[in-house]
Amino acid sequence: MNIFIILLAFIIPAWTASPADAIAPQIVGPETKVIDNNIIVNLHIDHVTELASPITSGVEKEITFTIELLRAWKFWPDEFIVSKKISKIIKYDNLREQYRALSYDGITRAEKYFSDYNAVKDWIFAVNNVNLANVKELELSTYYIRIVVESKSLEQLPVIGFLIHFIPEVEMSLAKESSPFIIGEN
């Protein structure tokens, strides 16, 4: 009987969702520029309202951005060149009434505090000025950029151990590929 009540707690909110909540999150970008022979990538995510409620209630979330550069081939599988992974973690402190946001790209760690959700939302769901690769190291060819964004909760509910097979670890997963572009030494 208790399991039935727990399952209803997960199912009923899905039935009561309003049409305004039906807008799916989407990746805007990637915006790609070549500055000083480096491929610089900028992107952000729009329509992340489904994550607002858990974040503002104090659930710690991790958003992981994976940016990959791939070389397109006509008759062969595409070739992986390089990738960058950026992890962002957000946690709302109910006592201090502020958001703590962390960003880590494998080298640099940044920590910021925000009192407004809109300000933290703009920072946590955007990735700017990612230096992906140097164009002088690339052969003349057609390339494209693949973006994968995943979000997951870092806090597990007590029943997760029992229902681990029914509840996915990744809550949101988005992917997008840029238009092909030609780059390399002339």
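The values are calculated or read from the model by the stated rules, or taken from the named source; none is laboratory data. From a predicted model like this one, the values you see are computed outputs, not experimental measurements. Glycine also receives a Cβ, built like all others from the backbone with ideal geometry; neighbour counts cover every protein chain displayed.
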Practice prompt. Report, by residue number, each residue of segment 52-77 that is assigned to a strand (DSSP E or B) and among the aromatic types (Phe, Trp, Tyr).
Written response: Phe65
Worksheet item: Within segment 38-48, can one find any residue that is within 17 Å of the chain's Cα centre (by Cα), at pLDDT below 90, not hydroxyl-bearing (Ser, Thr, Tyr) and not in a strand (DSSP E or B)?
Response: yes
Worksheet, complete the sentence: Scanning segment 126-156 residue by residue, those exposed (fewer than 14 other Cβ atoms within 10 Å of the Cβ), aliphatic (A, V, I, L, M) and either closer than 22 Å to Ser87 by Cα or modelled with pLDDT under 90 (or both) turn out to be Leu154
Item to complete: Hey, can you tell me all the residues within segment 99-137 that are over 15 Å from Glu60 (Cα atoms), in a helix (DSSP H, G or I) and either touching a helix residue (DSSP H, G or I) at 6+ places or on another chain (Cβ under 6 Å) or not β-branched (Val, Ile, Thr) (or both)?
Response: Asn118, Ala119, Asp122, Trp123, Lys136, Glu137
Item to complete: Give me the pairs, please: first residue somewhere in segment 35-57 and on the phi > 0 side of the Ramachandran plot, second residue anywhere and assigned to a helix (DSSP H, G or I), beta-carbon distance under 7 Å, and either six or more positions apart or on two chains.
Response: Asn37/Val135; Asn37/Lys136
Discussion item. Just to check your reading of the model, which residue among Ile39, Ile35 is farther than 25 Å from Asp93 by Cβ, surrounded by 12 or more Cβ atoms within 10 Å (Cβ to Cβ) and not hydroxyl-bearing (Ser, Thr, Tyr)?
Written reply: Ile39
Worksheet entry | Residue in segment 1-17 that is assigned to a helix (DSSP H, G or I), modelled with pLDDT under 90 and touching a helix residue (DSSP H, G or I) at 6+ places or on another chain (Cβ under 7 Å) present | no
Item to complete: Take the residues in segment 79-125 that are among the small types (Gly, Ala, Ser) and farther than 26 Å from Tyr143 by Cα, then tell me which one is surrounded by the most Cβ atoms within 10 Å (Cβ to Cβ).
Response: Ala101
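Please verify whether Val82 is aliphatic (A, V, I, L, M), in a strand (DSSP E or B), modelled with pLDDT of 90 or more and under 25 Å from His47 (Cβ atoms), treating the condition exactly as stated.
Against the criterion (aliphatic (A, V, I, L, M), in a strand (DSSP E or B), modelled with pLDDT of 90 or more and under 25 Å from His47 (Cβ atoms)), Val82 does not qualify.
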